[in-house]
Amino acid sequence: MRRERPAPPLPEPLHSLVDAHTHLDACGATDAASTAEILDRAESVGVGRVVTVADDLAAAQFAVDAAQWDPRVWAAVAIHPTRANVLDDAVKAEIERLASDPRVVAVGETGLDYYWPGKLDGCATVDEQHEGFRWHIDLAKRLGKPLMIHNREADDDLLSVLKHEGAPETVIFHCFSSGPEIARACIDAGYVLSLSGTVSFKNAHALREAAVLIPDGQLLVETDAPFLTPHPFRGAPNESYCLPYTARALAEIRGQDPVELASHVTENAERVYALRTRA
């Protein structure tokens, strides 16, 4: 992401949306005031709630704090697969404690990432990732919370682990980026597919083919901010207020009215994350 690019302008409002996956800390939030600033911008264009997601222990602690500071924020906590090698007993105990908080609506992001091993210093090995993924699956099932998946270049193995371990009742594929074949497998398994700004990229042909296959009831939208800013702002810093750009691009791809799509994905987020029933 080239930080020198200016932030995108505020889009035309699209009510009402839930950003199903963002990283408020990576967007610059450090306290209640800076968190509220980000949420105020988002709410001004119809994005009234967000799920801020952890990828390490410090981010997990921040996510729970942010969800306490602002009622528009919910949290998901886990250790990212590339960091699965830190999952000793003490870290597992703290993640489980944080995941038990009523403001935490999912265990994630966890899964498998085959892109970074061998490229990133200190990256967890494939074996360590598998072990960490299985532990998070068990945690989600024990807590009765959705499992939020990170998948990078690990389609077949990831689906195999879910099948072998027994998937939790609700599985969310964050930033789904695979093609129609994997989309069909996930749809048939009852998984929820969350699409980000990548679906708006002009070269995302396989993902666009997959996007039209997803039933209305198994679809979410997300920013994954500050990453994956939608077209035509690719490379600029992303934030939850940019979600309407992605929603409108996705609606065009699927041949839907944007307001209709927004209604579906918001209803899905409320159901999947149990937003109306949690404290």
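The values are calculated or read from the model by the stated rules, or taken from the named source; none is laboratory data. Keep in mind it's a predicted model, so treat the numbers as computed, not measured. Every residue, glycine among them, receives a Cβ derived from its backbone with ideal geometry; neighbour counts consider all protein chains shown. SASA here: full protein model, heavy atoms, side chains in, ligands and nucleic acids out. Shrake-Rupley method; radii C 1.70, N 1.55, O 1.52, S 1.80 Å.
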Inset, instruction - Could you compute the FRET efficiency for Ala90 and Ala185, with r as their C-beta to C-beta distance and R0 at 45 Å, rounded to 0.05? - result: 0.80
Inset, instruction - For segment 46-102, give the magnitude of the charge dipole about the Cα centre (Cβ charges: +1 Lys/Arg, -1 Asp/Glu; no others), in debye to the nearest 20. - result: 240 debye
Inset, instruction - For the chain, with all protein chains present and a 1.4 Å probe, just round the carbon and sulfur fraction of the accessible area to a whole percent. - result: 49 percent
Legend entry - Reach of Lys145 by Cα under 24 Å, taken over lysines that are not fewer than 8 positions away in the same chain: Lys92, Lys163
Legend entry - Dipole in debye (nearest 20) - segment 120-221, about Cα centre, beta carbon charges: Lys, Arg +1; Asp, Glu -1: 400 debye
Inset, instruction - Let me know the charge dipole size of segment 212-279 about its Cα centre in debye, to the nearest 20, where only the beta-carbon of Lys, Arg (+1) and Asp, Glu (-1) is charged. - result: 120 debye
Legend entry - Charge dipole (segment 143-276, unit charges on Cβ, about Cα centre) - positive-most of Pro232, Leu195, Ala167: Pro232
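Taking all protein chains together and a probe of 1.4 Å, list Trp74, Trp69, Trp135 from the most accessible to the least accessible.
Trp69, Trp135, Trp74
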Inset, instruction - Express in whole angstrom the spacing between the alpha-carbon centres of segment 50-89 and segment 1-42. - result: 17 Å
Inset, instruction - Would you mind giving the average projected area, over all directions, of the Cα convex hull of segment 55-114 in nm² with one decimal? - result: 3.9 nm²
Legend entry - Accessible area per residue in Å² at 1.4 Å probe, computed on segment 169-279: 39 Å²
Inset, instruction - Loop only per DSSP, at most 16 neighbouring Cβ atoms within 10 Å: give me the trypsin sites (Lys or Arg not before Pro) in segment 166-242, ordered by residue number. - result: Lys202
Legend entry - Correct option for Kirkwood radius over Cα pairs in Å [calculated from the coordinates] among (1) 18.4; (2) 23.8; (3) 19.0: (1)
